[in-house]
Amino acid sequence: MAIRDNALIQVKNLKKYYNRGAIKALDDVSVDINKGDVMVVIGPSGSGKSTFLRSLNLLEQPTGGQIIFGGVDITKKKYTDENGKSIKLNLDEHRQRMGMVFQHFNLFPHMTIIDNMTLAPVQVKGKNKAECEKRALKLLERVGLKDRANAYPIQLSGGQKQRVAIVRALMMEPEVMLFDEPTSALDPEMVGEVLEVMKELASEGMTMVCVTHEMGFAREVGNRVLFMADGKLVEQGTPDEIFNNPKSPRLKEFFAQVLK
Amino acid sequence: MKKMFALLLALSMCLLVFAVPAAATATTDSWRDELTTVTEGKLTVATSPDFAPYEFYAIDENGTPTLSGFDMDLAKYMADYMGLELEIVTVDFDGVLSELQTKSVDLGMAGLSPSAEREAIMDFSEIYYQGGQAMVTSKAYADEIKSMEDANKADYTIGAQTGSIQLELANTNTPDAAIVSMPKVTDIISELLSGKEQAAFVEMDVALCYQKNYPDLVVVCEVPYDTKGSAIGVCKGNAPLLAAVNDAITASQEDGSMEQFVAEAVDLAAGDKYEGLLEDGAVPGQEGEEAPDEAEEESGNAFVKAKNFATVAKYKDLFVQGVIVTILLSVFTVLIGFVLALMLALMRMSDFRPLRFLSMNKEGFEEDTGILSKIGKFNPLSFLATAYVEIIRSTPVLVQIFIIYYGVFSMISLPSFTLFGFLKFERFFPGIVALGINSGAYLCEIIRSGIQSVDGGQTEAARSLGMSQIQNLRFIILPQALKNILPAIANEFVVIIKESSITYTIGVQDIMSAVNAVKGAAFVITEPLLVATAIYFCLCFPTSKVIAYFERRMSRGDKR
Ligand SMILES: Nc1ncnc2c1ncn2[C@@H]1O[C@H](COP(=O)(O)OP(=O)(O)OP(=O)(O)O)[C@@H](O)[C@H]1O
Ligand SMILES: [Mg+2]
């Protein structure tokens, strides 16, 4: 298939069990994430959306399956390169290439906004601090927060914090951005400003995986929608297919509840 | 690993010390070429300065407390004779024996009487002074107790110094009485005079000295004892040193020096230079004489005397030194403790599971059932750290200090030098190591709770940015954890200030050791303790207030 060649991340039979398999947070999920995809993950609470997203950058250690990112199965401790040599996997390197935005922002409270943004590029990638600051200010300007560069996170509103969290992740120049309900902890009037930033990011061609309850955003910005329930990937398709023509009863039931 | 290395280093240092012969002026004496000492160029002598006229603190012409007594004069004489620099170490009497046993010092001079048990742990010089043993009582009991048989009654309490020959004499001669052993002769005499003890066994000369100061003290009889006299305890197996000591003793006797030393010491101990002298009956113990049941009430009046504070004031140098030592002890202890605690906390929280492979299934994912998964979860680092913390927290700090000092550091030879003229490194260092080891266990739990108090989302954010475990700790977790636990660490500092008082038992000259010096020399007990109480309070109370202030300020910052 043509899509396969394009796949940035291939997820194969991913499983995550808790309590000796009594809870199957992820039950055999397989999906390809292609370059430039804006993949929206929807589903009822407890369906495994967060687990799926967090497994992608191994914040959650899966119980089984494969995640192939950049040609390497990152769920294993070692991999063999083209020459058949066994190499120890450097997980930190892979994480650098995936940005993540959390529901609760997780800004570093003991650092200013600009330090929050420059810490990882400087310490992890060994970049020049002054250059990083220049770039950070540019990014802050784009999200309308340039004047808050020297503020501490505690001095910002929720929406501002989340915009900072997004640009902090962008500072690492990731190949894919993972969003776990980025607007769920925000007051309604702040949701828009964050979605706006995400929309802009999508329009620039960033590969994104978003767990969200914002159906409007899913419809408008997403190019693929995954529906999960009980740890399983129940249905997937274009926004049009999913929203206008749901097939599985589980998805219909879900829409009946959320779109009421 | 580090410990092994330190041990090897210490061993090689030992070898070096022994390989290089001490510098000595050339004479005909056979021992000169082979003389070695614990510290090259120094003669290190342990003593217990509560034993006038043998050794005690006397106030010299300048009003400074000085180690005096004929043992001290003889020690100086011997050091000069051997061409060495004299280094005096003051500890409790049983400490003198321990120091010799662990070969931490060259000589022990504390009116030691040779005995078979002691021969096992030290060599003895010739008898250098013919003293005797005495049984003493107070005037209140002088009529009842006229012989050792009289004293041998179940309802009598009889005192003797801990670890001393007198304690053995008490056990053999008055087995039916209740025998109490105390580390300081002063304390024994004080109890005797206040009616808490009815009789005591002490060295004859010491008894006579005390009697001059306290006429209420009555010498009942001389106690027969086979080796009548005192010898110098010599670090076991050091034949050249033993020969040198014996030569020096002979010389001191031949040239009349020894006689002079004794005369001077007795004079000093009995004369008005000796603090604690009985003037117009104003001494705490004296009130005890009337009748035992009135003693408490009476001594209530005499509990504290202004005059005695004046006496304590003369020893203010010792207290000033003590304060400096105590502060240094606390600062270094907290530093050592903190580094240790950080390591322990990280070990406890680490994810080091070398047997993890046992619990892996074929696919390389971890199973969470079965015995193998239990084994796979075993973390030896965490286990060790937890064991350490629990052991330290479940044993007394005094025991730990003794084990560290007499056990560990008797195998490691530390460089011997003195800072500021009173801080002896070879004692101070084991002191801060022992306290640091203790404090590390407590700080470990503080740090652990501090780390755990940092929101888990912080680690997730840091790791998702590609930071390593160590970068996460260094830049994200520890700065936040430390801010949370700074008050607790500062409180631990206050605890250490108080707990460090225990290091006087290994001869660190802290505030408590100043108290003991005054007690031993001036025969005032309550007042130096009150002074120490005031000093400790002045150190601890403001410190905890300052901490509380910063604690409030910091929490205000959070609410902003
Ligand atoms: N540490 C854990 N131990 C046991 N069960 C867990 C754990 N973490 C998650 N689960 C379970 O895994 C399932 C999936 O959780 P997950 O957080 O992925 O759901 P979600 O789809 O993100 O839900 P929500 O919309 O509420 O965020 C849930 O049933 C949850 O209870
Ligand atoms: Mg979730």
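Just so it is clear, none of the values below were taken in a lab; they were calculated from the coordinates. Predicted model, so just to flag it, every value in this text is computed and none were measured. Ideal geometry is used to build each Cβ from the backbone, glycine not excepted, and the neighbour counts take in all protein chains shown.
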Report, in debye and to the nearest 20, how large the dipole of the protein assembly as shown comes out about its Cα centre when Lys and Arg carry +1 and Asp and Glu carry -1 on their Cβ.
-> 7260 debye
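Filter the GluC sites (Glu not before Pro) in region A:153-229 down to the DSSP loop ones having no more than 11 other Cβ atoms within 10 Å, then list what survives.
Answer in residue order: A:Glu204.
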Charge tally in the Cβ shell below 11 Å around B:Leu84, where Lys, Arg are +1 and Asp, Glu are -1, B:Leu84 excluded | -3
Please go through region B:377-450 and write out the chymotrypsin sites (Phe, Trp or Tyr not before Pro) that DSSP classes as loop and that have at most 12 other C-beta atoms within 10 Å.
-> B:Phe417, B:Phe420
Count charges around A:Thr207 for me, please; just the other residues with Cβ under 10 Å from its Cβ, Lys/Arg as +1, Asp/Glu as -1.
-> -1
Would you please give the FRET efficiency between B:Ala534 and A:Gln257, computed as 1/(1 + (r/R0)^6) with r the Cβ-Cβ distance and R0 = 60 Å, to the nearest 0.05?
-> 0.25
Determine, from the Cβ-Cβ distance of B:Ile391 and A:Ser248 and an R0 of 56 Å, the FRET efficiency 1/(1 + (r/R0)^6), rounded to the nearest 0.05.
-> 0.40
Over region A:95-178, volume per residue of the alpha carbon convex hull, in Å³ | 85 Å³
Quote the charge dipole size of region A:58-124 about the Cα centre in Debye, to the nearest 20; the model charges only the Cβ of Lys and Arg (+1) and of Asp and Glu (-1).
-> 200 debye
Do the alpha carbons of any pairs in A:Lys232/B:Lys374; A:Lys125/A:Lys232; B:Lys212/B:Lys424; A:Lys16/A:Lys78; B:Lys196/B:Lys316 sit beyond 27 Å of each other, and which pairs?
-> A:Lys232/B:Lys374; A:Lys125/A:Lys232; B:Lys212/B:Lys424; B:Lys196/B:Lys316
Let me have the relative contact order for region B:114-269, percent, based on Cα pairs under 8 Å that are six or more residues apart.
-> 37 percent
Once all Cα-Cα distances of region B:33-147 are split into 10 Å bins that start at 0, what whole-number percent is in each one?
-> 12, 38, 31, 13, 5, 1
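Based on DSSP H runs of at least 4 residues, each adding -39500 (n - 2.57), what is the mean residue ellipticity at 222 nm of the protein assembly as shown after dividing by all its residues, to the nearest 500 deg cm²/dmol?
Helices in the protein assembly as shown give a 222 nm mean residue ellipticity of -15000 deg cm²/dmol.
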Hull surface over four for the Cα convex hull of region A:84-231, reported in nm², is 11.3 nm²
Distance-filtered residues of region B:172-196 - backbone nitrogen under 18 Å, label point 7 angstrom along B:Glu149 Cα→Cβ = B:172-177
Taking Rh as the Kirkwood radius computed over alpha-carbon pairs of region B:372-435 and applying Stokes-Einstein at 25 °C with viscosity 0.890 mPa s, one gets a diffusion coefficient in µm² s⁻¹ of 172 µm²/s
Using the alpha carbon gyration tensor of region B:408-536, what are the three equivalent-ellipsoid semi-axes (square root of 5 times each eigenvalue), largest first, in whole Å?
-> 42, 19, 10
Region A:12-105, Rg to Rh (Cα coordinates; Rh as Kirkwood inverse mean 1/r) = 0.98
Compute the Kirkwood hydrodynamic radius of region B:137-195, taking the inverse of the mean of 1/r over all pairs of distinct Cα atoms, and give it in Å to one decimal.
-> 11.5 Å
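Of A:Lys24/A:Lys88; B:Lys483/B:Lys545; B:Lys103/B:Lys498, which ones are farther than 20 Å apart at the Cα?
Cα-Cα > 20 Å for A:Lys24/A:Lys88; B:Lys103/B:Lys498; rest within.
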For region B:90-150, convex hull of alpha carbons as volume per residue, Å³ | 134 Å³
Proximal aspartates and glutamates relative to B:Lys314, as straight alpha-carbon distance under 15 Å, when same-chain residues fewer than 8 apart are discounted = B:Asp60, B:Glu61, B:Asp272, B:Glu275, B:Glu527
Shielding of A:118-125 by other chains, given as the mean Cβ count within 10 Å, works out to 4
Dipole in debye (nearest 20) - region B:136-255, about Cα centre, beta carbon charges: Lys, Arg +1; Asp, Glu -1 | 240 debye
Among DSSP beta bridges lying fully in chain A, give the percent that are antiparallel, nearest 5.
-> 60 percent
Could you name the aspartates and glutamates whose alpha carbon sits less than 17 Å from that of A:Lys77, not counting residues in the same chain fewer than 8 places away?
-> A:Glu60, A:Asp92, A:Glu93, B:Asp351, B:Glu363, B:Glu366, B:Glu367
Label-point separation (nm) for B:Ala310 and A:Lys35, each offset 7 Å from Cα along Cα-to-Cβ?
-> 9.7 nm
Semi-axes in Å, largest first, for the protein assembly as shown (Cα gyration tensor, √(5λ)) are 78, 29, 24
To the nearest 0.05, the calculated FRET efficiency linking A:Ser45 and A:Glu175 through their beta-carbon distance, R0 being 45 Å, is 0.95
Two pseudo-spin positions, 7 Å from Cα along C-beta at B:Ala116 and at B:Val339, lie apart in nanometres by 4.9 nm
In region A:19-140, with Lys and Arg counted as +1 and Asp and Glu as -1 at Cβ, which of these residues, A:Thr112, A:Leu89, A:Met100, has the Cα nearest the positive end of the dipole, that is, farthest along it?
-> A:Thr112
Expressed to one decimal in nm², the mean projection of the alpha carbon convex hull of region B:117-171 is 5.3 nm²
Per the Cα gyration tensor, region B:315-444 corresponds to an equivalent ellipsoid with semi-axes, largest first in Å, of 43, 13, 12
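From the Cα trace of chain A, what convex hull volume per residue do you get, rounded to a whole Å³?
Given the Cα convex hull of chain A, per-residue volume reads 148 Å³.
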